[in-house]
Structures are given as C-alpha cells and as structure tokens.
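Here's the structure we're looking at; comments come further down.
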Amino acid sequence: MTATTTETQQISPKKPNLQAWYKPTVSPEHGVYVMLLVSLITGAAAAQNWTLLTTLALVCAFFGPQAEHPLVVQIKQRKSLKPRFLVWGVFYGLICLAIAVFLYLRYPILLWIYLGAIAALIIDAISVFYREQKSIFNQIVTFAAVCLSARFAYAATTGTISTVAIGLSAINTVYFCSTIFTVKLRKPKTSAVLPGVVYHAIATLIITVFYYFGWLSLPIALAFGIALLKFGIIAWQQQLFSTAKIQYVAMLETGCAFSFLAIVALSLLPTRLTTL
C-alpha cells in the first residue's frame, strides 16, 4: 500500500500553486507606515482641515510603498522573473498613479512633490541593484521621500505649498532619519557613536535655521528634542540597547514617534478641526 502510494505520488505531476499568483504582496516595513501616518497627520493639521482629497492623498501615499516593495524584491532576485511581484507591483502602482493624476488635475502644484518621490524611487532602485539599499545616503533619501507626505497632505487639502508645509517635511525628515543612527548602534560594525553625534548636530542646526526664518514655530522646533533625548539615552546605554529585543526597539521608536506627532499636531491644530 505504501509503495503504491509512493509510485502514484511520483507519477502524478505536482500541481502548481496558483494561489501564490493571487496572494497580495505587503510591504513588511512597519516603520514606513509610522512615518507616513505621522507626516500625513502633521500636514493635515497644518492645513487645519480634512477633506476628501486629504483622504485620497492618504490612500495614494499608502499604496506608494506597496508598489515599491515588489519592485525592490524583484531587483534583489533579478536572476528570475517573479510574476507575483510584477502583478501586484503594477496593480498597486496603477492605483497610486490614478489617484496622483486625479489630484494633479485639481492641484497641478502637486507635480513638484511627485517629481521628488520619483527621484527618490529611482535612487532607491539603483541602490538596491548595487546592494547599497542599507547605506546611510539611500536611507536618508528614502525617509525624506516618505516625509514628503506632510507636504502632500497639505497641498492636496489646500491647493498650495506654504513655508510651513516645507518646514514640516523638513522636521519630519530629520526626526525620522535620527532612527537610522540609533538602529545602527545595535550592530557591531556600525556601533560608533560619532556619526550619530555629527548627524544630530547638523539636524539641530537645520531646525534652528528653519525656526529663525519662521518656517517652524518654537514648539514644533523643540519637538526635535525627543530625537536628541532618545539618541542620548541610547548612546549612554548602548550595551543594553544592542541586546534588547527588536520588539522593544520598535515599541520605543513608535512611542517616541507618536509623542513627536502629538506635540507637532497640537501646536498646529485650531480649537476646532473642520471636516468635510
């Protein structure tokens, strides 16, 4: 009985797993979702309104990383074509493109934001091709592209791009790029504290300049202090941080990010938020 069954299994061709073709791909970069959410909410708070177009901007921004993820995986595994990644990459990309075009027809000024996002996508694709996706330069470019969501939400809601929106994109970018240097402290090859100190000094200078020219209010500029405090504590307790479970690191980063969001959003919101 066992021999017959074995022969049958050997003769019968294995049916292809067609379900895999239809299984959606989902970006595993949970930190990107936090960055998107924080940036979008700060942009909407600066606009002091939430409209249908704001919601469409949120959906468009969400599907951007979903379209990028299959592309990145396919480039990493470029020796063979992965139809699943192609199908879902195109599907997510078309949704993102359709919403982006619709919003552009309403507010052509959004083109400048789209060009920035496209440039970042090209740089990321090239970096992945050359196995440099984890380089500090590429991560900063990627984070800056995600933080364009603040400007995107503001422009999609108001039809303009103000200095306040630009300032919000800047502070979101320098805040979240801080996590690049804190996470690198966990790895022996990148555990040097000096690069992080240099980065945070430059970031503080950038925030100071934006505050000086009135593109950021004092409470929002001071919100960057969360990143400084977090980096200082982690550098002080580097050994403990390097051995902590990744779940605890994620909880720390998420908690700090939402604390940053609370300070920035409450500094921008009016007494009553209008909803359409």
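Points worth noting:
- Normalising the average separation of contacting C-alpha pairs (under 8 angstrom, six or more residues apart) by the number of residues puts the relative contact order of region 27-145 at 23 percent.
- Gyration tensor verdict on region 50-206 (Cα atoms; rounded if a/c is under 1.5, prolate if a/b is larger than b/c, oblate otherwise): oblate
- Our analysis of region 226-273 gives Rg over Rh at 1.16, with the two radii drawn from alpha carbon positions and Rh computed by the Kirkwood formula.
- Once both labels are positioned 7 Å from their Cα atoms along Cα-to-Cβ, the gap between Val90 and Leu266 label points is 4.9 nm.
- Solvent exposure of the chain as accessible area per residue, Å², 1.4 Å probe: 57 Å²
- With each label modelled as a point 7 angstrom along the Cα→C-beta vector, the Lys245-Leu229 pair spans 2.6 nm.
- Calculated FRET value between Lys79 and Tyr22, using beta carbons and R₀ = 22 Å, to 0.05: 0.40
- As a length-normalised measure over Cα pairs under 8 Å and 6 or more apart, the relative contact order of the chain settles at 25 percent.
- On the principal axes of its alpha-carbon atoms, region 93-158 has extents of 39, 22, 15 Å, going from largest to smallest.
- Counting only alpha carbon atoms, the long axis of helix 83-106 and the longest principal axis of the chain meet at about 30°.
- Taking only the alpha carbons of region 186-276, we obtain Rg and Dmax values of 16.2, 51 Å in that order.
- Accessible-area order (highest first, 1.4 angstrom probe) of the listed residues Ile41, Ile233: Ile233, Ile41
- Cα-based convex hull volume of the chain per residue, rounded to whole Å³: 183 Å³
- Qualifying trypsin sites (Lys or Arg not before Pro) in region 199-276, where qualification requires a DSSP coil assignment and no more than 11 other C-beta atoms within 10 Å, comprise Lys245, Arg272.
- Restricted to Cα atoms, region 13-136 shows a radius of gyration and a Dmax of 16.6, 62 angstrom.
- Taking GluC sites (Glu not before Pro) in DSSP loop states with no more than 16 other Cβ atoms inside 10 Å as exposed sites, the chain has its longest site-free stretch at 133-276.
- Reported to the nearest whole Å, the Cα centre-to-centre distance from region 26-50 to region 90-124 is 16.
- Accessible-area value, Cys96, 1.4 Å probe, nucleic acids and ligands omitted, Å²: 30 Å²
- About its Cα centre, the chain has a charge dipole of approximately 640 debye under the convention of +1 per Lys or Arg Cβ and -1 per Asp or Glu Cβ, with nothing else charged.
- Within the accessible area of the chain, the carbon and sulfur atoms contribute 72%, probe 1.4 Å, all protein chains present.
- The trypsin sites (Lys or Arg not before Pro) of region 11-111 meeting both criteria, a DSSP state outside H, G, I, E and B (loop) and at most 15 other C-beta atoms within 10 angstrom of the site's C-beta, are Lys14, Arg78, Lys79.
The values are calculated or read from the model by the stated rules, or taken from the named source; none is laboratory data. Worth saying up front: this structure is predicted, and the values here are computed from it rather than measured. Note that we place each Cβ from the backbone using ideal geometry, even for glycine, and neighbour counts take in every protein chain shown. Note: accessible area is taken over every heavy atom of the protein model, side chains too, but ligands, DNA and RNA are not part of it. Shrake-Rupley method; radii C 1.70, N 1.55, O 1.52, S 1.80 Å.
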